[in-house]
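For reference, the structure is listed below as C-alpha cells.
Computed from the coordinates by the stated procedures, all read-outs in this text should not be read as laboratory data. From a predicted model like this one, the values you see are computed outputs, not experimental measurements. All Cβ positions, glycine included, derive from the backbone under ideal geometry; neighbour counts span all protein chains shown.
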Amino acid sequence: MKFFIDTANLDEIKEAASIGILDGVTTNPTLLAKEKGKGDFKTILKKICEVVDGPVSAEVVATDVEGMVKEAEDLSQLHKNIVIKVPITKDGLKVIKILDSKGIRTNCTLVFSPIQALLAAKAGASFVSPFVGRLDDASHVGMDLIEDIVTIFENYDVATEIIVASVRNPLHVVESAIMGADIATIPFKVIEQLIKHPLTDVGIKNFLEDWKKVDK
Ligand code: E4P
C-alpha cells in the first residue's frame, strides 16, 4: 500500500519524507490557499516535486474542456511527476480521455459514487480519488464507497489506482489497507496519529526507568 500526504505544506512534506513512508503528494486549491504568502503555486509544486520522487497531484480549476486541457498541459510541464487532478464531470471525463491519449496522467477527483469511479477508469484515469471523510460528514459511511470500488475494480481487472482521499482519522487508513485500496492520501496530523500508541509511550518510559537500575 502506498501512502501519499495530503498537503501543500513543504515542512510537512519534508518531515513525512524523512520518516521513509512517503510515496506521493496530493494538493488541491484549498490546500494551496493555506500556503498563501509562501510563493506562487507553481513554485510550490516544483519544490514539492524536488522533495518527493512520486506522483504529485495538481488540480485544474477551469471547468470547460479547452480550459482544463490547457491548464493540464501547462502544469504537466512543471515536472515529470505531476499528475493532473480533474473533477468527475462530463467535461472532466472528456479531459481525462484527451490527457490519457497525450500520455499525461490524471487523478479523477471529487468521486462520491462507485459508478463515478468506474467511469473515470474507463475514460483512462491513472488514479481515482473517492472522498471518504466528506461522505462521513454527510452521514454516509465513506469506507463503504472504497469497499465497492475495490470490488468493481477487481471484478474487471481495472488498472486505475484507488486513492482514498478526504482521510480524517487513522481508522480510515487501517480500513483502506484491509480493503486493499492502493493508496491513502493522509493529512500530516493523521500520519503522526498513525505512529502513536499509548502502550509504546508507556513501554519506552518503563524501559528508561528500569535502565537506571541496571549495573553499568
Ligand atoms: C485529496 O485529493 C483531496 O482533495 C482531499 O483529501 C480532500 O480532503 P478534505 O475533504 O479534508 O478537504
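Evaluate the relative contact order of the chain (contact order divided by residue number), counting alpha-carbon pairs under 8 angstrom at least 6 apart; express in whole percent. Present the calculation step by step, with values, prior to reporting the outcome.
Working: 375 pairs, mean separation 36.7, N = 216.
Normalised by residue count, the contact order of the chain is 17 percent.
Residues in the stretch 102-112 carry Karplus couplings, in order, of 8, x, 9, 6, 10, 10, 7, 10, 6, 8, 10 Hz; the curve used is 6.51 cos²θ - 1.76 cosθ + 1.60 with θ = phi - 60°, and Gly or Pro positions show x. Note that the chain shows a convex hull volume over its alpha carbon atoms of 152 Å³ per residue.
Write out the trypsin sites (Lys or Arg not before Pro) in the stretch 176-213 meeting two conditions: DSSP loop, and at most 10 other Cβ atoms within 10 Å of their Cβ.
Details: sites: Lys189, Lys196, Lys205, Lys212, Lys213; in loops: Lys196, Lys212, Lys213.
Here the sparse-neighbourhood loop sites are Lys196, Lys212, Lys213.
Projecting the Cα atoms of Thr106, Phe153, Met1 onto the dipole axis of the chain, where Lys and Arg carry +1 and Asp and Glu carry -1 at the beta carbon, places Thr106 farthest toward the positive end.
How large is the helix-only mean residue ellipticity at 222 nm for the chain, computed as the sum of -39500 (n - 2.57) over DSSP H runs with n ≥ 4, divided by its residue count, in deg cm²/dmol to the nearest 500? Display every interim value, and only then the final one.
Values: 11 runs with 111 residues, N = 216.
Result for the chain, helices only: -15000 deg cm²/dmol.
Taking the longest Cα principal axis of the chain as reference, the axis of helix 90-101 is set at about 80 degrees.
Amide H contacts under 5 Å for Ser57: Val25, Thr26, Thr27, Val83, restricted to partners 5 or more places along the chain or on a different chain, H placed in the peptide plane at 1.01 Å from N. Sparse packing (at most 10 other Cβ atoms within 10 Å of the Cβ) combined with a DSSP loop state is found for the following trypsin sites (Lys or Arg not before Pro) in the stretch 66-100: Lys80.
Near the amide H of Lys2, within less than 5 Å, lie the amide hydrogens of Ile183, Ala184, all on another chain or at least 5 residues away, with H placed in the peptide plane.
Charge dipole of the chain (Cα centre as origin; +1 on each Lys and Arg Cβ, -1 on each Asp and Glu Cβ, all else neutral): 500 debye, rounded to the nearest 20. Only Lys, Arg, Asp and Glu carry charge here, each on its Cβ (+1 for the first two, -1 for the last two); on that basis the stretch 137-206 has a dipole of about 540 debye about its Cα centre. Selection among Pro187, Ser129, Ser18 by position relative to the dipole of the chain gives Ser18 as farthest towards the positive end (Cβ unit charges, Cα centre). Structural descriptor for the stretch 138-216: relative contact order 26 percent, calculated from alpha carbon pairs under 8 angstrom and at least 6 residues apart. The chymotrypsin sites (Phe, Trp or Tyr not before Pro) of the stretch 150-216 that DSSP puts in a loop, and whose beta carbon has at most 11 other beta carbons within 10 Å, are Tyr156.
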